[in-house]
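What follows is a set of notes on a single structure, which appears directly below.
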Ligand code: GCU
């Protein structure tokens, strides 16, 4: 098959393409808008007007300077039988066009008073964990479940501008405006993208630019040593600073609108400032200084913890690490140094509390990172639509006055779930995650269900009443909670097979150095993170949340085992004991997957055959895997606790 059009099939452009449109303005992004409308008109018989006449249904008008690309907002109105979009920048005009595309026929009916749309968050970015050269353990794409990289193959750039362009187009249509093109774990080949191989990055930047997407690069902190031949990478050493300044100048010669660097330092073996006795603010600020003359930013990741912990050591708690490392540095980071924080304190589990760091650095620009690639949520073999999880995170009022979405002033970032798979994301329904991320990054307060409806409408068609809409919706809508039910219970996390992280292994990480433990014994399970008797992690939150999480009586059920070690007969707010909750949710979760599989089967004929077959096949694996999870988790806890299922179901 060719490459799937995902949420931009030709049919999505019918309403625009069958009308006459005037595009006013000039500049590269306006050219993109004109080309989009032109292609739609070729498919559906409409016209792109050029003259000054007023015989048109849709006006797309750049009102500001001619080449402004940064203005991202747009106005939308429908009056006197005419639909008008205005924007002061090229990006805004492009987003306005896609707004009209999303509305479809509705954009050409009735009247709508002028509305202003603008993104809540300025930087909406995808981080690709793509390796240029195939890594012996992690492959071409680290934690990638959609084939190879879109950008790289076997050590070099793939070329293939059409594919990259199609990708940029999909991203623009959901509002994403930045892409980091290589893995945060920067291996030897990847490191050179910064210097002698910058041309390959420039190629990607050039292809993505017409869709308003800026290119960013992951760099290694040790670059002055490994690429520059210096004896040190000490951020306060003048030679090191000069090296970064010169290297950055060359980057901007190749890519004038380069976005900046992404850095994983002192994290899981990556080099960083600790080796020189310097702080992470020293490290980040050195790179920020190199980027500042050009308007670039450094995205400095806060994923810093001890990954060589002794499991016997109960005084260390990985969940505490980001806060302990970074909160003392609040106020020390340069304006163009953005601290990029994972949304939870651990690592993209199906359920985690919001990272307390997000509420504790008022004088630092923060970006919040989520994971679209489904490392811990079924690896794109399971349906797991993450919209509701991300929405809960973004709307979470971590401070009395502010939600996570509001505090993410430095951007929202997702680890990409895309590869060279013809459906982009391996599992065709995982496309919904990418789309949803973009739309929630634009508006973190948006209703995720409405975003899902948009995605289904664009992807599967919007004919009222008929079609697969309701079926697809029911398969996706509750799929995250279903996944949560049949995997690790009540926020305790992990319990995955070590290394690749697919499938259950309750004790897989229990005696490992990674800091990810559940402490199940014959009496109970969970991690005591209270201040009173545990690791003190609960005390990293502001007073209101610290109090809620401190006691098992007030801690929400779904996070109970993240914060507390409780006996199996502890009664949840739901009225069930912990052990019965584990049994019940695991049986329910499998039943829900089986039911979703039936719904999907019933859509044969309503969904194109290739897509239908791919999803049907993946459902077989999801059902198998969910049963495996159910039986391992339930049997494990039955054997530990000796408590039978009160409903007498089979435990092994
Ligand atoms: C997880 C993941 C790694 C990744 C890391 C990161 O630990 O398993 O593959 O490198 O996150 O976010 O840097």
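For the pair residue 401 and residue 598, label points projected 7 Å from Cα toward Cβ lie 5.3 nm apart. Taking the inverse of the mean reciprocal distance over all distinct Cα pairs, the Kirkwood hydrodynamic radius of region 593-652 comes to 13.5 Å. Among 316, 459, sorting on how many other beta-carbon atoms sit within 10 Å of each Cβ, with the fewest leading, yields 316, 459. Max-minus-min Cα coordinates of region 492-637 on each principal axis give 58, 31, 29 Å, with the largest extent listed first. When each of 472, 48 is scored by the number of other beta-carbon atoms lying within 10 Å, the sequence from fewest to most is 48, 472.
State the antiparallel share, in %, of DSSP beta bridges confined to region 10-117, rounding to the nearest 5. Could the numbers behind the result be given before it?
Numbers: 9 of 21 bridges.
The antiparallel fraction comes to roughly 45 percent.
All C-alpha to C-alpha distances of the chain, sorted into 10 Å bins beginning at zero, yield P(r) values of 3, 15, 25, 26, 19, 9, 2, 0, 0 percent in whole numbers.
Across all Cα atoms of region 146-240, the radius of gyration (one decimal) and Dmax (whole number) stand at 15.1, 46 Å.
Put in line by how crowded their Cβ is, counting other Cβ atoms within 10 Å and starting with the fewest, 505, 574 read 574, 505.
What's the long-distance tail for region 189-319, i.e. % of Cα pairs beyond 27 Å?
Values: 2016 of 8515 pairs.
Everything past 27 Å amounts to 24 percent.
Starting from the Kirkwood radius over alpha-carbon pairs of region 267-408, derive D by Stokes-Einstein at 20 °C in a medium of 1.002 mPa s and give it in µm² s⁻¹.
On the way: Rh = 16.3 Å.
For the chosen part, D equals 131 µm²/s.
The Cα atoms of region 331-373 give a gyration tensor whose axes a ≥ b ≥ c have a/c of 1.5 or more with a/b no greater than b/c, which makes the shape oblate.
What would the Debye equation give as log₁₀ I(q)/I(0) for region 65-155 at q = 0.13, 0.18 Å⁻¹, counting only Cα atoms as equal point scatterers? The calculated log intensity ratios at q = 0.13, 0.18 Å⁻¹ are -0.64, -0.79. Counting only DSSP beta bridges whose two residues both lie in the chain, roughly 30 percent are antiparallel.
Each Cα pair under 8 Å and six or more residues apart adds its sequence gap; the mean of these over the residue count of the chain is a relative contact order of 11 percent. How many percent of the alpha carbon pairs in region 10-117 exceed a separation of 23 Å? Looking at region 10-117, the distances longer than 23 Å represent 17 percent of pairs.
Read-outs throughout are calculated quantities, based only on the coordinates presented, and are distinct from any laboratory measurement. Note that the coordinates shown come from a computational prediction; the quantities given were computed from them, not determined experimentally. Cβ: placed from backbone, ideal geometry, glycine included. Neighbour counts: every protein chain shown.
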